[in-house]
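**Student:** Take this structure first; my questions come after.
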Amino acid sequence: MTRAAQPGALLIIIPAYNEEAAIRGVVEEVRATLAGAPVLVIDDCSSDGTKVLAKYAGAEVLPMPHHLGLGGCVQAGYKLAFELGYDYVVRVDGDGQHDPAFIPAILETLKTTGCDMVIGSRFVARDGEHTSAPRAIGIHLFRAVLRPILGKTVHDPTSGFVGVKRTALEVFARSFPLEYPEIEALVVLQRKRFTFQEVPCRMRPRRGGRSSITALKSFYYIVHVLLGVFVNVLRFEGRRRRKST
Amino acid sequence: MNHLLNLVTAFSIVLMAIVLISLRRSHIRVEYSVSWLGAAATLLLLARWRAALDWLTRALGLSDPATGLIMIVFCVFLGVFYRFSVIISDLKDANIAMAQRVAILEYRIEALNEKQQTLEHS
């Protein structure tokens, strides 16, 4: 995997932090679905057996020297993929919530529609099964906030089941939100005039471990993400205005 | 009022002493001590130079020099905290970028070593 990738090559990245209960199953499932596609687990300095189990399951592991948080971890994967010349990267969470059976649909949409990013959405054709009530409320709020900014409805803005092509990979390798990145990443892409699409997919309950967003952190999460969205809007608007003067 | 001014004077001197001792023991870098020393010097100056404090209090539209002094203390430390927030943010960004770079390089070196070992065995 460390050699330069062939044109059209796909890399699956799996950010993981203390996911020893799920990581082996996730890697094996991804490898069974996409035989031959390299799988890179980005271990965010887990204190459990995540790294060992991921290697055992056949993944390559990019271990972080210290805990960076989800955004820093995902961006490291994007940076490596960009440097190695991959054209497509699909991110799958390490907790088993994302069904790898939907990766081919994400990849196909990336290849055929010309959009730069594809989101696996639990709301496009489904009712969002396995979504907790606070998360569902948050999703409705973010949907309403993002609609005027993005110019269209994004049904599942908090989904981490995303595929990107090299154009978006280049942007994310340089600049990627570090905490709770999914929603801000959409704004970053939109400001660059990049396009995204959603494809229906199924989400499952976590196989183990704990979500980083606890009930107490939910409020902080909402404030942080809203602030991040508005800062991104202002930042790019400001630059554009300066350029035009 | 005099009691407050004396308190601020003592506080400024203690703050300066702590910063200088920390500097001497290399607990704080020179560039980051400047803000604290500047803040302490400003407070010392205002606490000992009554005319300047009265002028600033009037300029702020206040009538009581004690309120003026507290407001100035608040603003000075708000400025220091803001400066350090900017520094911490820059350091965090640099730290994350460096950690990612280290991880990627380590990964690529390990892969090269494995490749070399495979070549040596074959």
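**Student:** Kindly indicate which of B:ALA111, B:ALA97 is in contact with a Ser or Thr (Cβ under 9 Å, 6 or more places away or on another chain) and within 11 Å of chain A (Cβ to nearest Cβ).
**Tutor:** Only one candidate passes the filter, namely B:ALA111.
**Student:** Taking the options A:TYR88, A:TYR78, name whichever one is of a type in the set (Ser, Thr, Tyr) and more than 10 Å from chain B (Cβ to nearest Cβ).
**Tutor:** A:TYR88
**Student:** Further, regarding this structure: Could you please let me know if A:TYR78 is in a loop (DSSP other than H, G, I, E, B) and in contact (Cβ under 8 Å) with a residue 60 or more places away in the chain?
**Tutor:** no
**Student:** If you don't mind, there's one more thing I want to ask. Out of curiosity, is A:LEU107 within 14 Å of another protein chain (Cβ to nearest Cβ) and not β-branched (Val, Ile, Thr)?
**Tutor:** Against the criterion (within 14 Å of another protein chain (Cβ to nearest Cβ) and not β-branched (Val, Ile, Thr)), A:LEU107 does not qualify.
**Student:** Would you call A:GLY58 touching a helix residue (DSSP H, G or I) at 6+ places or on another chain (Cβ under 8 Å), in a loop (DSSP other than H, G, I, E, B) and crowded, with 20+ Cβ neighbours inside 10 Å?
**Tutor:** no
To keep it simple, each residue is scored yes or no on (1) modelled with pLDDT under 90; (2) under 26 Å from the mean Cα position of the chain (by Cα); (3) not in a helix (DSSP H, G or I).
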residue: B:LEU37; (1), (2), (3): no, yes, no
residue: B:ALA47; (1), (2), (3): yes, yes, no
residue: B:LEU56; (1), (2), (3): yes, yes, no
residue: B:VAL86; (1), (2), (3): no, yes, no
residue: B:ASP93; (1), (2), (3): no, yes, no
residue: B:TYR107; (1), (2), (3): no, no, no
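**Student:** What pairs can you find where one residue is in the stretch A:46-66 and within 14 Å of chain B (Cβ to nearest Cβ) and farther than 20 Å from A:LYS79 by Cβ, the other is not in a loop (DSSP other than H, G, I, E, B) and not acidic (Asp, Glu), and their Cβ atoms are less than 6 Å apart, with a gap of 6+ or different chains?
**Tutor:** Final answer for the pair search is A:LYS55/A:VAL61.
**Student:** Condition first: of a type in the set (D, E, K, R) and without any contact (Cβ under 8 Å) to a residue 60 or more places away in the chain. Now tell me which residues in the stretch A:180-203 satisfy that.
**Tutor:** Those that are of a type in the set (D, E, K, R) and without any contact (Cβ under 8 Å) to a residue 60 or more places away in the chain: A:GLU182, A:GLU184, A:ARG191, A:LYS192, A:ARG193.
**Student:** Also, I was wondering about something else. Tell me which residues, restricted to the stretch A:65-90, are in contact with a helix residue (DSSP H, G or I) (Cβ under 7 Å, 6 or more places away or on another chain), within 24 Å of A:ASP48 (Cα to Cα) and surrounded by fewer than 23 Cβ atoms within 10 Å (Cβ to Cβ).
**Tutor:** A:PRO65, A:HIS66, A:LEU70, A:GLY71
**Student:** Please work out which one of (1) surrounded by fewer than 13 Cβ atoms within 10 Å (Cβ to Cβ); (2) touching a Phe, Trp or Tyr at 6+ places or on another chain (Cβ under 7 Å) is the condition B:ASN6 fails and give its number.
**Tutor:** (2)
**Student:** Now a separate question. Would you be able to say whether some residue in the stretch B:83-90 is away from every other protein chain (no Cβ under 14 Å) and farther than 30 Å from A:PRO15 by Cβ?
**Tutor:** Yes; the residues of the stretch B:83-90 include at least one that is away from every other protein chain (no Cβ under 14 Å) and farther than 30 Å from A:PRO15 by Cβ.
**Student:** For the stretch A:30-39, check the following and say yes or no: at least one residue is surrounded by 19 or more Cβ atoms within 10 Å (Cβ to Cβ), within 14 Å of another protein chain (Cβ to nearest Cβ), assigned to a loop (DSSP other than H, G, I, E, B) and free of Cβ contacts under 8 Å to residues at least 40 places away in the same chain.
**Tutor:** Yes: the stretch A:30-39 contains one or more residues that are surrounded by 19 or more Cβ atoms within 10 Å (Cβ to Cβ), within 14 Å of another protein chain (Cβ to nearest Cβ), assigned to a loop (DSSP other than H, G, I, E, B) and free of Cβ contacts under 8 Å to residues at least 40 places away in the same chain.
**Student:** Given the residues B:ALA111, B:ALA99, which is the only one that is under 19 Å from A:ALA76 (Cα atoms), at pLDDT below 90 and either surrounded by 13 or more Cβ atoms within 10 Å (Cβ to Cβ) or over 32 Å from the mean Cα position of the chain (by Cα) (or both)?
**Tutor:** B:ALA111
The values are calculated or read from the model by the stated rules, or taken from the named source; none is laboratory data. Here the structure is a predicted model, which means the values were calculated and not measured. Cβ coordinates were reconstructed from backbone atoms using ideal geometry, including for glycine residues, and neighbour counts include every protein chain displayed.
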